[in-house]
Structure formats: C-alpha cells, structure tokens
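**Student:** Pasting a structure here, questions to come.
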Amino acid sequence: MSREIFMGPAPHIRHSHTDREIMKKVVIACLLPTIAAVYLFGFRALLMALAGMISAVLFEALYQKVRGKEITVSDYSAVVTGLLLALALPVTAPLWSLILGTFFAIIIVKQLPGGLGKNPINPAVAARIALKLFFEPHITQWVMPGPDAVATATPIEYIGHFTRTIPVELPPLSDLFLGSMGGGIGEVSKLFILFGCVFLVFNKIIDMRVPLATIAGAGVTAFLYSGMNLEYTAYHLLSGALFLGAVYMVTDYSSGPLTLKAKIFYAFMVGVLTIAIRILFNLPGGFGIALLIMNVVSRLIDKLFTPRVMGHSEREISSDIYNVHLS
C-alpha cells in the first residue's frame, strides 16, 4: 500500500493557540488585578481601564484604516496594551494623560515598527515611562485606597537610594501584599496579580519560571545588598510594579527572547536591574527602565543562548523569526 508524501513550507507543527486566543486569555488574566483596583480605588479605576482599552483599540483601528491595512483589533492585543497602561497609573492620573499614553504605545511603539509581533520594546511600559518623563506632576500623585484620596508616598521611596534599613513609616508587609497602599491601580494587590499568573500558567500562556526568575533576580540583589536582611528584601519585592511587570510584561512574546533559557536569564536580569536602579539612582520603581534595557538587548541574549548548528562554529538565529507570530 503506497502513501503520498506532501511537501510544503514551514511551519509544519502548528498549535491551537492563535494570537487572538492568547491575547483574549491575557485580557481575562488582567481583569483580576482590575477587579482588585475597582474594589480598592472605586469607580474611577474602572473608568481608567475602559478609557485605556477603548482608546487603544480606536487608535489602532484608525491607524490601520488610514494606512490601508487590515484592521486587526479583534486580536485583543490593543486591548491588552491599553489595559496594562491604565493599571500602571495612579487613580489620580488625568484621563487625557492615559489616552495620550495609549496613542504613544499603539502608534509610535507598536504600529510604526510593523504591528503585533514586530515591536522591539513593550508598548505599555514605554508609554508609562514617556508619561512619567513629560507629565510627572500629573501621574505621580499616589493616594491611599479609599474614598478620601489621602496622598501618600510609595514604600520604595523609603527603601531606595542606598538605604539598607526599614524606616518606621513603612506599612506592614500584609498591606503591600493585599493592596492597602498607594501605587498604580493594578500593581497594589499582589494577591490578585498572582491569581492572574496562575490563570496564565494553567492555560499555558506563560511559563511560570519566567516571572519567578524576575522575582528571584530582584530578591537576590536586595538580599545581598542589605546584608541578607529578609524583611528589607520582602519590602522591595512587594513594592512598586515588580509583580505586575513580572507576570504581564516580562512574559511579552514580542519584546523578549524566544528560547526558554534566554527568557529565564532575561527575566532574572530584569529583576537585578530593577533593584540596582532603585538603589543607585533614587528612581522609585525602576522596573520600567530595567525592562526596556533588557528589551533592547533581548536579541543578543537569544543569540547567546541559541544552540550551535552542527557543522557551524557560530550560533545563528534568523532575524526573520522575530517578525513571525502565532497564527
């Protein structure tokens, strides 16, 4: 009995995960810290989330329409970008600043380089940094959760810039974990971020080792710098956008490396740089800058960890692979 052999172009192995299915599940995971944000900060947190998502979708559709391209907003990638940017801002951020940020993220960072799968840096993180640079008085007014909108400082303002001790002004670690602290509306509740992480891991959207490597990099750096002070280390880990970024941003397919070993090294270094920036440069947060630095060198990391092809002396990885996403 004879069989016909068919030959065709790659990919020869396909997966049921499409761009749309992946992004849809990321949106669902993002809704968990969004729910916490609405509970902690009230209706305005919901308004910010909606404004971020809607404006991002409109900017992407308008750009693609004007350029005569296929409109791809149904893949949910713009929704993810707009929602993540909203979650990274304080509840006091003006809506116009959020909308301006989504314009920068979608048009400048995502669409101009070619769209989904071709952006070399994370759009939401790049937009958050741009807003901080140009509109800092408007988007760094941190307030405590609750109806009174009491102004507060974030914990990392007390434990950065060469500090090795824990000031008495800091709240208990339980408040940082549950969300009873000022900060970006989606970054304050580490509990709900972890719920989102479990959802993504269970659905095989991300590998658990990547966010763990980010937290490990930050933890090791803070632990060694503080003289092996576990409490100091815990305050650094539970402060700022580290958890939110480790789960939703370091794991971004487009702006990070491709191979698992490269992803883990990349994530670990994001954590290391986050703490180093906090300590050395007195920059509260540090995560966004750390991630963008690693975004820029992610291709070099991939090349470093790519196995050598038999018969070749150098590691080679085609640049075309960075411009291909799941379909």
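**Student:** Hey, among the residues in region 204-251 that are over 24 Å from ALA127 (Cα atoms) and touching a Ser or Thr at 6+ places or on another chain (Cβ under 7 Å), which one's surrounded by the most Cβ atoms within 10 Å (Cβ to Cβ)?
**Tutor:** Residue satisfying both the conditions and the ranking: ALA222.
**Student:** Another question, if that's okay. Does LEU273 fit the bill of being within 14 Å of the chain's Cα centre (by Cα), part of a helix (DSSP H, G or I), closer than 21 Å to ALA127 by Cβ and at pLDDT 90 or above?
**Tutor:** Details: within 14 Å of the chain's Cα centre (by Cα): no; part of a helix (DSSP H, G or I): yes; closer than 21 Å to ALA127 by Cβ: yes; at pLDDT 90 or above: yes.
Here the answer is no, as LEU273 does not meet what is asked.
**Student:** To continue, here is another question. If I go through region 201-253 residue by residue, how many of them are in a loop (DSSP other than H, G, I, E, B) and of a type in the set (D, E, K, R)? Please lay out each step first, then the result.
**Tutor:** Filtering region 201-253 for residues in a loop (DSSP other than H, G, I, E, B) gives 203-208, 226-229, 238-241, 249-253.
Filter once more, so that each one left must be of a type in the set (D, E, K, R): 204, 207, 252.
Here the count works out to 3.
**Student:** Okay, next question. Residue under question is LEU89, and the condition is that it be touching a Gly at 6+ places or on another chain (Cβ under 9 Å), of a type in the set (A, V, I, L, M) and assigned to a loop (DSSP other than H, G, I, E, B); does it hold?
**Tutor:** yes
**Student:** Might you check whether a residue that is crowded, with 18+ Cβ neighbours inside 10 Å, at pLDDT 95 or above and of a type in the set (Val, Ile, Thr) occurs anywhere in region 159-175?
**Tutor:** No: zero hits.
**Student:** Next question, about the same structure. Condition first: surrounded by 15 or more Cβ atoms within 10 Å (Cβ to Cβ) and more than 16 Å from LYS25 (Cβ to Cβ). Now tell me which residues in region 63-87 satisfy that.
**Tutor:** TYR63, GLN64, THR72, VAL73, GLY82, LEU85, ALA86, LEU87
**Student:** For region 176-203: of the residues being under 16 Å from LEU87 (Cβ atoms) and among the β-branched types (Val, Ile, Thr), which is surrounded by the most Cβ atoms within 10 Å (Cβ to Cβ)?
**Tutor:** VAL188
**Student:** I'm told LEU133 meets every condition in (1) hydrophobic (A, V, I, L, M, F, W, C); (2) under 20 Å from LEU291 (Cβ atoms); (3) outside any helix (DSSP H, G or I); (4) free of Cβ contacts under 8 Å to residues at least 12 places away in the same chain except one. Can you identify the failing condition by its number?
**Tutor:** Checking LEU133 against (1) hydrophobic (A, V, I, L, M, F, W, C); (2) under 20 Å from LEU291 (Cβ atoms); (3) outside any helix (DSSP H, G or I); (4) free of Cβ contacts under 8 Å to residues at least 12 places away in the same chain, the one that fails is (3).
The values are calculated or read from the model by the stated rules, or taken from the named source; none is laboratory data. Note that the coordinates shown come from a computational prediction; the quantities given were computed from them, not determined experimentally. Using ideal geometry, Cβ is built from the backbone for each residue, glycine included, and neighbour counts are taken over all protein chains shown.
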